[in-house]
Structures are given as C-alpha cells and as structure tokens.
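Working notes for the structure below.
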Amino acid sequence: DSGVTQTPKHLITATGQRVTLRCSPRSGDLSVYWYQQSLDQGLQFLIQYYNGEERAKGNILERFSAQQFPDLHSELNLSSLELGDSALYFCASSASGSPFNEQFFGPGTRLTVL
Amino acid sequence: SQKIEQNSEALNIQEGKTATLTCNYTNYSPAYLQWYRQDPGRGPVFLLLIRENEKEKRKERLKVTFDTTLKQSLFHITASQPADSATYLCALFPLEYGNKLVFGAGTILRVKS
C-alpha cells in the first residue's frame, strides 16, 4: 500500500458526460501528479500540483482540468468525455516539488466511457 | 522523433536466472532515469533512480546501468523469483520537457519455477 488513495475505483459513464476523480496524497506529501494509462498510449503524464499551485503540465487535454485543495487532496475533472478517454487514471504523490523524488502511485481509477 | 523503446515481447526466464531488461531512447537528453514495477491493475511502484553521471546503481537483487553514449539503460534482476513477474517500466526525465517524467511502454517479465 503506497498510502495514496484514489476514488472511485471504477467509473462507467457515457460520451459527453463529465466526471471527477479524487486523489488523497500520502501524509506529508506536497506534490500530486496525474497520469493516464491506456493500451495504445502507455503511461502519460498529465499535470503536477505542488502545495496548491500548478507546477508542470504534460499532455493534458483542454477538456481536462485539475486542482489541488488546501488540504492537499486533488481532483481531476474530465468533461465532454469521448470513447478514447477510457483509460486508467493514476495519481501519484511525492514529498517535494521536484519530480526527481520517488513518486508513490495510487491504485488508479478505471474509467470506461460508453 | 523522440521515443523510448523497451522489449515489446515478454521476457520468459527460469527461476534463479538473471533477467535483463533493456530501455533504449532516441532524441532525448535525460538527466535522470527511473525504473518502475507495475502489477496488473495496480499503480507503478518506484524501484531505482540513476543519474546521468552514474554508470551503475544497485539495490538488493536489482542493478541498473545508464549509458548516455549508447542512449541505453539495462535493468538486471539477479536470482529471479516467480514473485518478480510483472511489467517493468523505464521512465526518463528529459531536459527538453522541463523534467517531466516520460514512460516507456514496459516489458513483461515472467519468471517460471
């Protein structure tokens, strides 16, 4: 158990809908990272937050947005969902803002868009 | 184009042998490289980080090498066990990307008893 929690574990929804994925980092970790893992694209970095502020941005679509709250939990919002958004979404956390530090991954949320 | 290549075919080895996994990259200039283990349906687990000025790093039965001239990292598991069966991911921190982590597709390792 990495200490990172993600909810929900599974999510099934329809095209055009909007969903919110939630992540709680390990106690004391200030950075939260979001990743998408699909069969054709592999594991891709989406975005990093550090202590409430956006720190780095990867291949995140404009339909997706994220935020980190004062209690350090983070949410990833996915809107206007398409079939291709079906994937595993992982959250990871690390102690500092540097991505070189060990990142601890959560169990993931499996999103299925029908 | 930039890419990270890991053995696309699964690596099948006998228990007790040394498993060697390869990570090749092109058109990246990584300052750091990491290896992760991922079990089916679970999140990746960090194993080792190696810096560009380090040739080799060890942790228990694991050894990683990093050759920036060859643009290659090798990941070795000695005295492999069936419990080592998993997908192993190579990940780079390319300087061109502001040090965001870029992952390879992974290699499936199967250790048979």
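What to note about this one:
- Positions within the stretch B:1-34 being assigned to a loop (DSSP other than H, G, I, E, B) and either in contact (Cβ under 8 Å) with a residue 60 or more places away in the chain or not small (G, A, S) (or both), in sequence order: B:Q2, B:N7, B:S8, B:E9, B:A10, B:E15, B:G16, B:K17, B:T18, B:N27, B:Y28, B:S29
- Residues (outside any strand (DSSP E or B) and without any contact (Cβ under 8 Å) to a residue 60 or more places away in the chain) located in the stretch A:64-97: A:F69, A:P70, A:D71, A:L72, A:H73, A:G84, A:D85, A:S86
- Any hit, the stretch A:90-112, residues being within 14 Å of chain B (Cβ to nearest Cβ), crowded, with 18+ Cβ neighbours inside 10 Å, on the phi > 0 side of the Ramachandran plot and not β-branched (V, I, T): yes
- Filter result for the condition that a residue is without any contact (Cβ under 8 Å) to a residue 40 or more places away in the chain and either open to solvent by less than 50 Å² (accessible area, probe 1.4 Å) or more than 9 Å from every other protein chain (Cβ to nearest Cβ) (or both), over B:R37, B:R61: B:R61
- Scanning the stretch A:23-43 for residues that are under 22 Å from B:G106 (Cα atoms) and surrounded by 18 or more Cβ atoms within 10 Å (Cβ to Cβ) yields A:Y33, A:W34, A:Y35, A:Q36, A:Q37, A:L43.
- Residue check for A:E82: modelled with pLDDT of 95 or more, surrounded by 15 or more Cβ atoms within 10 Å (Cβ to Cβ) and acidic (D, E): no
- Checked against the criterion of being open to solvent by 40 Å² or more (accessible area, probe 1.4 Å) and more than 13 Å from every other protein chain (Cβ to nearest Cβ), the candidates A:N59, A:N77, A:N51 yield just one match: A:N51.
The values are calculated or read from the model by the stated rules, or taken from the named source; none is laboratory data. Quick caveat, the model's predicted, so the values are computed rather than measured. Positions of Cβ are generated from backbone atoms using ideal geometry, with glycine treated the same way; all protein chains shown enter the neighbour counts. The area values use the complete protein model at the heavy-atom level, side chains included, leaving out ligands, DNA and RNA. Shrake-Rupley method; radii C 1.70, N 1.55, O 1.52, S 1.80 Å.
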